[in-house]
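One structure below.
Read-outs throughout are calculated quantities, based only on the coordinates presented, and are distinct from any laboratory measurement. Since we're looking at a predicted model, the values are computed, not measured. We place every Cβ from the backbone using ideal geometry, glycine too, and count neighbours over all the protein chains shown.
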Amino acid sequence: MRNQSASKENSAAPVMGMPVSKAPWRVAAVIAKSNYKLEVRFVDGLEGEVQMASLIVSSGAGVFSSLKDESLFGAVRVEHGAIVWPNGLDLAPDAMHRAISQTGCFRPGTDHAA
């Protein structure tokens, strides 16, 4: 029988042998700013801004309108190299990287594809 007092410290340890993408367009860090802006840094060192306001408050926002809730917007995080929110929304990191490398800014819904 297994010892019931076993430590749970390593219960979230990464699975060995899982591939880790080194694609330059993978997001390494994200910080939520005021006015529905995000500051992002990619694994290749590229940094820029994501301006979400025009998408979030537009009549065509669809599921992104839920991000009007500033506490939800601020709960953004990086997961597997993509920007995600707790409600399951995410942004395409490759389109974001392309726009930021060209202009320093990505505007989902107006630049390329979100």
Assuming R0 = 30 Å, can you tell me the calculated FRET efficiency for the pair SER65 and ARG41, based on Cβ-Cβ distance, to the nearest 0.05? 0.65
At a threshold of 8 angstrom on Cα-Cα distance, excluding pairs fewer than six apart, so keeping six or more, what relative contact order does segment 27-106 reach in percent? 29 percent
Mean projected area (nm²) of the alpha-carbon convex hull when segment 27-106 is viewed from all directions: 4.8 nm²
When DSSP beta bridges are limited to those with both residues in segment 27-106, what percentage is antiparallel, rounded to the nearest 5? 90 percent
